[in-house]
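> Sending over a structure as structure tokens; questions will come in a sec.
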Amino acid sequence: MLRHKAILQTKHLLLFMRHCSAMTVQPLHARAGMFRHEVAIVDTHGHYTYQQLINGSTHLSSSLREVFQSSRFTRKHCMGVDYEKQLGIAFLCPNDVSYTLVQWATWKYGGVAIPLCGMHPLSELEYVILDSLASVVVSSGSSDNYNKISSIANKLRIFHYHLNTRELLASLDIYETENEQTNRLPSDQPAQIVYTSGTTGRPKGVVVTHGNLVSQITAQIESWGWTQDDCMLHVLPLHHVHGIVNALACPLWCGAICHMLPEFDAAKVWDLLLHRNSAVTQSISMLTAVPTVYFKLIKYYEQAGYNKNEKEDIKQHLQSKIRLMISGSAPLSTTTMEKWHNITGHWLLERYGMTEVGMALSNPLYGTRSPGAVGRPLPSVSVRICDSESETLLAEGDSRGTVVYSDNVSVGGLLQIKGPSVFPQYWNRPAATEESFTKDGWFITGDTAAFTNGTYHIIGRTSVDIIKSGGYKISALEVERHLLCHPAIAEIAVVGIDDKEWGQLVAAVVVHNHEIDVSEVQQWSKSHIPPYAVPRLWKFVNEIPRNSMGKVNKKALAKIFDVNNQQDKQLLVNSYFHDLVFPSH
Ligand code: MCA
Ligand code: AMP
């Protein structure tokens with residue numbers, strides 16, 4: 001009864017929000033009171049109700065208030081910067097309930113949540129903390145998280161607040177009422193800053209407002225038929241929109257369950273999908289992941305050597321228990337889609353999104369999901385495709401339909417997006433913000449798209465310097481910039497090489513100064529760039545070919561890696577690099 005009431009309330013709220021032009025929104029955390037006694041999060045330590053999330057986050061919010069006031073004072077005086085208006089709270093939490101508690105506590109305090117990534121080297125963490133002008137850094141979980149944050153906070157003289165697990169768990173059971181003041185927030189109030197790779201410069205902070213968040217969440221709730229009975233399996237990192245919004249905020253918005261794994265682990269995911277060895281009564285009904293995850297799940301299944309009956313049982317279980325499996329963040333190959341269908345009986349629903357806009361295009365919940373296509377605009381999202389040279393409008397559409405203005409739209413053009421889910425600005429970067437929007441306010445995605453047979457297709461990117469590997473966006477220029485600091489590297493060009501498992505592999509063409517040991521360079525790289533950005537393929541040359549303007553033709557250069565030569569590739573990927581250590585020339 002309660003559940004039905006809550007679903008009805010959700011529907012009314014959605015309708016209300018669509019039709020009113022109020023300048024405030026009910027933020028995610030303010031909805032928890034509707035589902036108090038339901039389980040919200042399951043993690044490796046236990047399970048937590050929505051009331052416990054209210055309790056823990058309200059308690060933490062009060063602690064942060066005290067910390068914030070003193071730290072703002074400290075920073076103002078020690079660095080001479082006016083932090084009065086910047087309520088940034090950067091946080092490094094594992095994938096467990098503490099992440100949501102910090103996020104909600106930040107919002108209850110009126111602050112901006114800036115999620116950090118535990119895999120990033122210290123220099124990268126420090127960069128994000130400094131660039132975002134965070135005034136407080138919060139950590140929870142392992143001593144590794146504590147040590148990393150503590151060393152940066154000491155260096156930058158920022159207040160470090162570490163959540164003591166025992167205290168945190170105790171706070172969950174101290175009853176708190178909601179904070180009336182934050183039950184509605186201005187829709188343009190920043191909720192979070194998510195860092196994403198730029199093409200040319202350092203990573204940029206994408207400011208996402210509460211209005212953006214609500215719009216991004218509700219578009220998914222409506223398009224993908226979310227209900228309170230759903231249980232999402234969460235296997236993604238929590239510093240990107242896919243993990244933050246699609247896999248975590250959506251279930252919490254509608255009173256469903258988010259079952260969080262600390263990290264992706266194929267064996268554990270299969271166990272949970274099949275509801276094996278699980279102490280949890282609720283079985284998984286949804287999964288959202290990047291194509292690499294599905295590739296790895298298929299590989300694990302194939303290696304398990306199931307017999308015919310076992311395969312049938314698996315398929316039957318997944319067909320009866322799982323409602324929807326979604327893929328995105330990178331192109332899904334037809335092979336992966338078909339293999340997954342043969343194993344599970346499910347056609348993956350592929351959708352297209354971006355940190356700056358949330359989800360924009362999606363295959364249908366009901367009806368045919370075409371391989372290689374990303375479907376149509378989500379509710380409230382407008383998209384258009386413009387000719388890449390003349391900028392002529394080729395097609396424009398929204399969830400009601402697309403008008404085609406030119407047959408050239410099947411060849412492809414620049415994809416642009418507009419709507420309430422689109423971010424307002426890159427943090428502290430007015431020039432970059434201005435460059436990213438057309439004069440009439442459309443966000444320029446940098447992706448090339450076509451519209452054929454009633455559906456959109458992503459067919460490439462405008463810049464070869466953006467690589468997508470394992471669903472992560474990597475700037476080739478950033479990797480080059482960092483690796484050039486290695487004493488053995490004289491010149492470097494980084495390119496993305498197509499790969500069935502990772503989508504693209506990061507590859508480096510290098511001119512070296514003296515004898516070079518690739519495994520040493522790789523190890524060294526890990527303290528400067530995230531592990532997923534470290535080049536996996538290496539080629540050593542005497543000279544990197546350049547045109548008369550001194551520019552490298554990266555498309556031509558990529559051919560140096562013969563992807564059809566499996567032996568060569570295997571050798572490289574497996575890091576038997578000694579064969580590749582060339583004498584100095
Ligand atoms: C890791 N390895 C790699 C790569 N990453 N090798 C080649 N290329 C890579 N990119 C190697 C490691 O060095 C290690 O090798 C081995 O693979 C296992 O590493 P591990 O990190 O444990 O890998 P994993 O856990 O299997 O990770 C695969 C993953 C992960 C789960 C797919 O990459 C991931 O979580 N990706 C999701 C990123 C994401 O959320 N993107 C969304 C952003 P060795 O064992 O030899 O050391 S896009 C977004 O948010 C927009 C809005 C959108 O549209 O969604
Ligand atoms: P990020 O900047 O990390 O949010 O990644 C966004 C980028 O991921 C987009 O600009 C696309 O290039 C890519 N992307 C996301 N979903 C898809 C998809 N389904 N197919 C192809 N590319 C995608």
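The values are calculated or read from the model by the stated rules, or taken from the named source; none is laboratory data. These numbers come from a predicted model, not from an experiment. Neighbour counts are summed over all protein chains in view; Cβ atoms, including those assigned to glycine, are modelled from backbone coordinates with ideal geometry. Remember, those area values only see protein heavy atoms, side chains included, never the ligands or the DNA or RNA. Shrake-Rupley method; radii C 1.70, N 1.55, O 1.52, S 1.80 Å.
> Could you tell me how far the Cα centroid of region 326-341 sits from the Cα centroid of region 235-300, in Å?
Their Cα centres are 16 Å away from one another.
> In the chain, what percent of the accessible surface is made up of carbon and sulfur (1.4 Å probe, ligands and nucleic acids excluded)?
Percent of accessible area from carbon and sulfur atoms in the chain: 52.
> While we're on this one: Which entries in LYS439/LYS554; LYS315/LYS339; LYS468/LYS559; LYS204/LYS551; LYS296/LYS539 show an alpha-carbon gap greater than 22 Å?
Beyond 22 Å: LYS439/LYS554; LYS204/LYS551; LYS296/LYS539.
> So, one more: Find how many whole Å separate the alpha carbon centroid of region 351-408 from the alpha carbon centroid of region 542-564.
33 Å
> How far apart, in nanometres, would the label points at ASN553 and ALA490 be if each is projected 7 angstrom from Cα along the Cα-to-Cβ direction?
So the two model labels end up 2.4 nm from each other.
> At 7 Å along Cα-to-Cβ for each site, give me the label-to-label distance between VAL403 and GLU434 in nm.
Rounded to a tenth, the inter-label distance reads 3.1 nm.
> Rounded to the nearest 0.05, what FRET efficiency is calculated for SER410 and LEU365 with R0 set to 30 Å and r the Cβ-Cβ distance?
Calculated transfer efficiency: 0.70.
> Region 153-216 to region 111-143: how many Å between their Cα centroids?
The two parts, judged by their Cα centres, are 11 Å apart.
> A further question follows. Restricting attention to region 288-394, which GluC sites (Glu not before Pro) occupy a DSSP loop and are surrounded by at most 14 other Cβ atoms within 10 Å?
GLU389, GLU391
> How far apart, in nm, are two points set 7 Å out from the Cα along the Cα-to-Cβ line at MET23 and at GLU167?
Each label point is offset 7 Å from its Cα along the Cβ direction, giving 3.9 nm.
> Does region 166-300 come out rounded, prolate or oblate, given a ≥ b ≥ c as the square roots of the eigenvalues of its C-alpha gyration tensor, rounded meaning a/c under 1.5 and, failing that, prolate meaning a/b above b/c?
oblate
> Another one. If I take R0 = 30 Å and measure r between the Cβ atoms of LYS155 and GLU520 in this structure, what FRET efficiency does the formula 1/(1 + (r/R0)^6) give, to the nearest 0.05?
0.70
> Give or take rounding to whole Å, what are the principal axis extents of the alpha carbon atoms in the chain, in descending order?
Cα spread of the chain along its principal axes, largest to smallest: 71, 60, 55 Å.
> Can you tell me how region 227-361 classifies by the Cα gyration tensor, rounded, prolate or oblate, using a/c under 1.5 as the rounded cut?
oblate
> OK, next. Just the accessible area per residue of the chain, please: how many Å² with a 1.4 Å probe?
43 Å²
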